[in-house]
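The next block holds one structure in the form of structure tokens; read it before the comments.
Any read-out appearing in this document is the output of simple, stated calculations on the displayed coordinates, not a laboratory observation. Being a predicted model, the structure only gives us computed values, none of them experimental. All Cβ positions, even for glycine, are placed from backbone atoms using ideal geometry, and neighbour counts span all protein chains on display.
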Amino acid sequence: MNGKKYSVVIAGGGSTFTPGFVLDLIKSQDKFPMRQLKFYDNDEERQRKIGEAVKIIMKERAPQIKFSYTTDPKEAFTDVDFVMGSIRVGKYHMRSLDEKIPLKYGVNGQETTGPGGMAYGLRSIPAIIQIIDWMQEYSPNAWMINYSNTIAIVAEACRRLRPNAKVINICDMPIDDMDRMAAICGLDSWHDIDFNYYGLNHFGWWKEVRNKKTGEDLMPKLKEYVKDHGYWVGGDYDKDTEPSWEATFRKVADDYKMDPETLPNNYMQYYYFPQYEVANADPKHTRTDEIREHRQKIVFGECERIVKAGTAKNNIWDISGLHSEYIVDIIHAIAYNTHEKFLANCPNNGAISNMDPDSIVEVPALFGADGIQPMATGKAGRFQRGLMMEQQTCEKLVVDAYEQHSYQKMLQAFALNKTVPDASVAKKILDDMIPVNAPYWPELK
Ligand SMILES: NC(=O)c1ccc[n+]([C@@H]2O[C@H](COP(=O)([O-])OP(=O)(O)OC[C@H]3O[C@@H](n4cnc5c(N)ncnc54)[C@H](O)[C@@H]3O)[C@@H](O)[C@H]2O)c1
Ligand SMILES: O=P(O)(O)OC[C@H]1O[C@H](O[C@H]2[C@H](O)[C@@H](O)[C@@H](O)O[C@@H]2CO)[C@H](O)[C@@H](O)[C@@H]1O
Ligand SMILES: [Mn+2]
């Protein structure tokens, strides 16, 4: 340990994941000692509901850490070592439209994939760039660990618009999938697994999965299980897993059959089976509605209970999810220069030998004080490379649309996407999305 105590700001303090992240930071004071924790949000009321509960949590469990929350960027981003990006531009209101507008035209509506994911990505670009600029102005030595989606598009925008910024774009889906692989193989957690993985964000495959301790190749055992059950573990492991997530993890059994040489990221379902997605969607009740009825209700209800009770004793986050442990691991690796292996979304530069150097890819990387060192993953398979070239071109076209304020580029991004059957459908979806995204998108001409 270097004796230093760190200062962290969560951008998106009103995020449903904030309390869990805070509890994990508190739990990790031995490995990541802190002197200050701040929240920043542009929705004062939403953030206050979480902030007031966290104030009680901090007083009871970590009084040594100075806590505050603010909507003032200078106050938020001054004197910090790490910025955690957890914003949702347009909030759930816009996510609901990302999901429902495509479904009006028989196209799957989803948070980070298809037209919904591209719409979300275009909204996120200016907000993330702004946060990067505030960080660089007020705390020039800080690192930003960005979770804010659509990661693939945000990462391409960072590559183009802020190539030297200290930002790492991460995703916890492969970690969640590997935690399931560990459970399937009778191991404790994803920490017991070594792996070779490549792809784009929410669009990837495992080439190798091994027992980190013994070196045993776990792929045969996993393939035998996954072909029937996907990544669904069931029992105690999945006692709190929501029905739509159960369907996703079970669907991996079909995703896997598209290439039995590898194991798929569960997001492949949206690209392999778009007709299945539409057939099983309810245009009037999408994932956002489920979250409003579940995660958001639970999180804000628990914060209200804590404030009313005046204590955080026995709160629901004491056994926190995977989401935030992963982030704490990453921040620790950078703070203490451990060069541990995680996954990052970054410029390819040869990590996948037969993809363009300027592709944004999701690959294993060593995380340290100097940022990330992406690892060589070898060649993409012919099937995977074809899929990736199309998808990453869509992602690049969205950033073209942002930079050039171009309707044509955004239309091409939608029309090229594997989830959209016809350019005339792409146009209808885009024309419906433009007015509702006016507060967030550049004007597309
Ligand atoms: N990378 C990953 O694998 C991963 C995993 C889980 C969640 N996420 C992402 O984390 C983010 C938070 O998720 P959530 O469901 O908790 O969202 P949420 O809607 O509950 O909270 C997001 C917060 O961001 C705030 N916000 C929106 N625009 C802002 C801006 N310009 N500046 C400051 N604050 C702003 C909102 O007011 C809200 O309080 C989303 O982008 C989600 O997609 C990513
Ligand atoms: O529909 P949501 O909002 O529940 O989830 C969308 C997000 O799903 C993934 O994150 C999961 C994560 O994989 C899991 O370990 C746990 O932490 O829950 C997260 C949210 O459910 C995905 O990686 C994110 O990018 C999505 O935003
Ligand atoms: Mn993700």
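A few remarks follow.
- Taken over region 385-440, the criterion of being aromatic (Phe, Trp, Tyr) and either at positive phi or touching a Gly at 6+ places or on another chain (Cβ under 8 Å) (or both) is satisfied by Tyr440 alone.
- Residues of region 209-263 that turn out to be part of a loop (DSSP other than H, G, I, E, B) and of a type in the set (Val, Ile, Thr), as a count: 4
- Single residue of Asp172, Asp228, Asp192 found to be touching a Phe, Trp or Tyr at 6+ places or on another chain (Cβ under 9 Å) and touching a residue at least 12 places away in the same chain (Cβ under 8 Å): Asp172
- Extreme residue, surrounded by the most Cβ atoms within 10 Å (Cβ to Cβ), among residues of region 136-161 that are more than 11 Å from ligand 2 (Cβ to nearest atom) and not in a helix (DSSP H, G or I): Met144
- Enumeration of residues in region 34-66 that are within 20 Å of Ala142 (Cα to Cα) and over 25 Å from the mean Cα position of the chain (by Cα): Arg35, Ile65, Lys66
- Scanning region 45-103 for residues that are in contact (Cβ under 8 Å) with a residue 40 or more places away in the chain and part of a loop (DSSP other than H, G, I, E, B) returns Thr78, Asp79, Val80, Asp81, Ser86, Ile87, Arg88, Val89, Gly90.
- In region 1-14, residue nearest to Val89 (Cα to Cα) [restricted to those that are touching an Asp or Glu at 6+ places or on another chain (Cβ under 8 Å) and surrounded by 22 or more Cβ atoms within 10 Å (Cβ to Cβ)]: Gly12
- Pairs linking a residue in region 427-445 that is without any contact (Cβ under 8 Å) to a residue 40 or more places away in the chain to a residue that is outside any helix (DSSP H, G or I), with Cβ atoms under 8 Å and 6 or more positions apart or on different chains, are Ile434/Trp441; Ile434/Leu444; Glu443/His405.
- Filter pass, Ala335 being farther than 30 Å from Phe32 by Cβ and surrounded by 16 or more Cβ atoms within 10 Å (Cβ to Cβ): no
- Counting residues in region 66-88 that are of a type in the set (Gly, Ala, Ser) and within 16 Å of ligand 2 (Cβ to nearest atom) gives one or more.
- Out of Arg287, Arg292, sole residue that is exposed (fewer than 14 other Cβ atoms within 10 Å of the Cβ), of a type outside the set (S, T, N, Q) and in contact (Cβ under 8 Å) with a residue 40 or more places away in the chain: Arg292
- Residue count for region 403-445, restricted to those that are among the polar types (S, T, N, Q) and exposed (fewer than 14 other Cβ atoms within 10 Å of the Cβ): 2.
- Lone unmet requirement of (1) within 16 Å of ligand 3 (Cβ to nearest atom); (2) buried (at least 24 other Cβ atoms within 10 Å of the Cβ) for Arg88: (2)
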